[in-house]
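My questions all concern the structure below.
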Amino acid sequence: MTLSFAAPDTDALPLHLIAQGTASDWAADQSDSVQAWVAASGFDGALGSTLMIPGADGAPAAALAGYGTPKTRARQRFPLAG
């Protein structure tokens with residue numbers, strides 16, 4: 001039996017883990033529309049926060065997940081499990 005995460009023909013979206021306070025740094029390397037979306041949403045990378053990024057057609061193109069700060073992660077056993 002060959003193990004695989006997902007079949008090659010399965011639709012998948014990129015998931016970016018963003019540390020708290022670095023969302024604008026990440027967005028600076030993205031298109032103007034993604035920068036505007038992240039800024040308008042108020043997403044800052046707080047632990048447990050999420051944000052879907054729409055594509056030009058309105059369908060989801062990527063997702064962001066907040067990774068928090070080292071201090072907030074240290075307070076939990078499995079901080080990304082939520």
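Any read-out appearing in this document is the output of simple, stated calculations on the displayed coordinates, not a laboratory observation. Worth saying up front: this structure is predicted, and the values here are computed from it rather than measured. Methodologically, a virtual Cβ is constructed for each residue, glycine included, from the backbone with ideal geometry; neighbour enumeration extends over all protein chains shown.
Be a star and scan the stretch 42-65 for residues whose amide nitrogen sits under 20 Å from the point 7 Å along the Cα-to-Cβ vector of residue 25.
Under cut-off, by backbone N: 42-51, 63-65.
Using the Karplus equation 6.51 cos²θ - 1.76 cosθ + 1.60 (θ = phi - 60°), what ³J(HN,Hα) coupling, rounded to whole Hz, does each residue of the stretch 57-67 give in order, writing x for Gly and Pro?
Along the stretch 57-67, the couplings run 8, x, 6, x, 10, 6, 9, 10, 10, x, 9 Hz.
Oh, and also: Please list, in chain and number order, the residues 5+ apart from residue 19 or on another chain whose amide H is under 5 Å from its amide H, with Hs placed from the backbone.
Long-range HN contacts for residue 19: 67.
Given bins 10 angstrom wide, list per bin the percent of all Cα-Cα distances in the chain, short to long.
17, 42, 28, 13, 1
Can you tell which of 37, 72, 5 lies farthest toward the positive end of the dipole of the chain, using +1 and -1 charges on the Cβ of basic and acidic side chains (Lys, Arg; Asp, Glu)?
The one lying farthest along the dipole's positive direction is 72.
How much net charge surrounds residue 37 when only the other residues with a Cβ under 15 Å from the Cβ of residue 37 are counted, with Lys and Arg +1 and Asp and Glu -1? The partial results should precede the final answer.
Numbers: positive: none; negative: 29, 32, 44, 57.
That works out to -4.
Next up: What full-extension length gain, to one decimal in nm, is calculated for residue 36 and residue 56 as 0.36 nm per residue of separation minus the Cα-Cα distance? Show your work: numbers first, answer last.
On the way: separation 20, 0.36 × 20 = 7.20 nm, distance 1.32 nm.
Full extension from residue 36 to residue 56 adds 5.9 nm.
On to the next question. When only C-alpha pairs under 8 Å and at least 6 residues apart count, what is the relative contact order of the chain, in percent?
Here the relative contact order equals 31 percent.
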